Amino acid sequence: MEIQRRLRFQGVKVSAAQLYPALKRMEERQWVISREESRIGADRVYYTISSEGKETLIHNTMDLIRFFESIIDEAVYPIYRGAAKELGIGPGTVIVDFSNPSIENLRIELATLTAPGGRYYISSIDDEQTNILKEWVEYEKLQDTITILEESGHTVAVPDRSVDVALVIFTLHEDDTEWILSEVNRILKPSSYCLIVDIEARDKDHFREVFYAQAVPGHSRSGIDMGILLPLLEEKDLKITEQHIEKGLILLTVQPQTII
C-alpha cells in the first residue's frame, strides 16, 4: 500500500490492520476524503486530506511549535538575562512587558529585582490570557510586584513617561503588533530603554515563511523583518541605541527619539 510505503521511508512501520481502521476513523471525523478507482486486478482507494483535517493538523502543529518554543526559551535564556541586565533593572524600576507569555522564568527574576518600590506590569491581549496570567502570578506569589494590564484599544493603563524599561520579546513577528511600538514611545521616561528580541524573518519564499503564513494564525512571517521594522521604528519616533545578533536572535535596544 502506498501510504505504508511512504511511512516506511520516514521510519514508521504500520500494518494494514492498524492503518485501515485509523483511516476509517479519520474519514468518519471528516479529516480525510476517500475515492475509489477501478483498476485491473484490484480497485485502489485514494485518500485526500480535507479542510477540516488541515485545521486539525494545524492545531496539533501549533502545540508542537509551542513545545519547541519552550525548548528554545530554555536555550537562549542566558541571552535574555544578559540583555535585560544591561538595562540596569533594580529596586524601584518600573517595567512594562509586552512579551510572549513563554518567558516566565525571566519575568520571575526581573519582577523580583524591582522590589522594593518598583512594579512589573504585563500586557495581556484578552480576558482569557488575563485570567491565566493572574493565576500564574498567584501561584508564584508575585502579587506584590506584578500587575496584569489588559490591553484596551491598543493602549495599556500606564501614564505617559512613567516607565523605566519596556520588554518586547518574541512578539513583533506576530500580526497587528505595531501599536506596541507607539505605546513604548508614549510610556518610556526620557533616556529609558526598550529591549526588543526576536528571530529574523527569512525571504518570503523560504519554506519557514511559507509555513507560518499559511498555517500559523496571526503570523504572516516567522520573525521580524528588519526592512519593515527599521522604517516603523522611525515612524514611531524610536531610535536604536544598540543592535547585535546572537545565536540567530536579533537584540535591539531602542529609546524615544524625541521627548514630548
### Task
Test each condition in (1) under 26 Å from LEU87 (Cα atoms); (2) in a helix (DSSP H, G or I) for ARG208 and report the one that comes out false.
(1)
### Query
Are any residues in segment 151-166 closer than 10 Å to SER124 by Cα and surrounded by fewer than 16 Cβ atoms within 10 Å (Cβ to Cβ), and if so, which ones?
SER152
### Query
What pairs can you find where one residue is in segment 103-128 and free of Cβ contacts under 8 Å to residues at least 12 places away in the same chain and assigned to a loop (DSSP other than H, G, I, E, B), the other is crowded, with 20+ Cβ neighbours inside 10 Å and among the polar types (S, T, N, Q), and their Cβ atoms are less than 8 Å apart, with a gap of 6+ or different chains?
none
### Query
Does at least one position in segment 163-172 carry a residue that is among the charged types (D, E, K, R), touching a residue at least 60 places away in the same chain (Cβ under 8 Å) and not in a strand (DSSP E or B)?
no
### Query
Tally time: how many residues in segment 1-37 are part of a strand (DSSP E or B) and either within 35 Å of the chain's Cα centre (by Cα) or closer than 18 Å to GLY53 by Cα (or both)?
4
### Task
Take segment 121-149 and flag every residue that is among the aliphatic types (A, V, I, L, M) and within 20 Å of GLU183 (Cα to Cα).
ILE122, ILE125, ILE146, ILE148, LEU149
### Query
Hey, does segment 148-167 have a residue that's closer than 22 Å to GLU74 by Cα and of a type in the set (Val, Ile, Thr)?
no
### Query
Of these, LEU110, LEU7, LEU64, LEU57, which one is among the hydrophobic types (A, V, I, L, M, F, W, C), at pLDDT below 85, surrounded by 12 or more Cβ atoms within 10 Å (Cβ to Cβ) and out of contact with any Lys or Arg (no Cβ under 8 Å at 6 or more places or on another chain)?
LEU57
### Query
With respect to the numbered conditions (1) in a loop (DSSP other than H, G, I, E, B); (2) under 25 Å from VAL76 (Cα atoms); (3) touching a residue at least 40 places away in the same chain (Cβ under 8 Å); (4) not polar (S, T, N, Q), which one is the sole condition not fulfilled by ASP176?
(2)
### Task
Return yes or no: is ILE79 in a helix (DSSP H, G or I), in the same structural domain as CYS194 (by TED's automatic domain parsing) and either among the charged types (D, E, K, R) or within 33 Å of the chain's Cα centre (by Cα) (or both)?
yes
#### Entry: In segment 23-55, the residues that are small (Gly, Ala, Ser) and more than 26 Å from PHE211 (Cα to Cα)
SER38, GLY41, ALA42
#### Entry: Single unsatisfied condition, GLY227 versus (1) in a helix (DSSP H, G or I); (2) at pLDDT below 85; (3) small (Gly, Ala, Ser)
(2)
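The values are calculated or read from the model by the stated rules, or taken from the named source; none is laboratory data. Treat the numbers as computed from the prediction; the structure is a model and nothing was measured. Neighbour counts run over all protein chains shown; Cβ positions are idealised from the backbone, glycine included.
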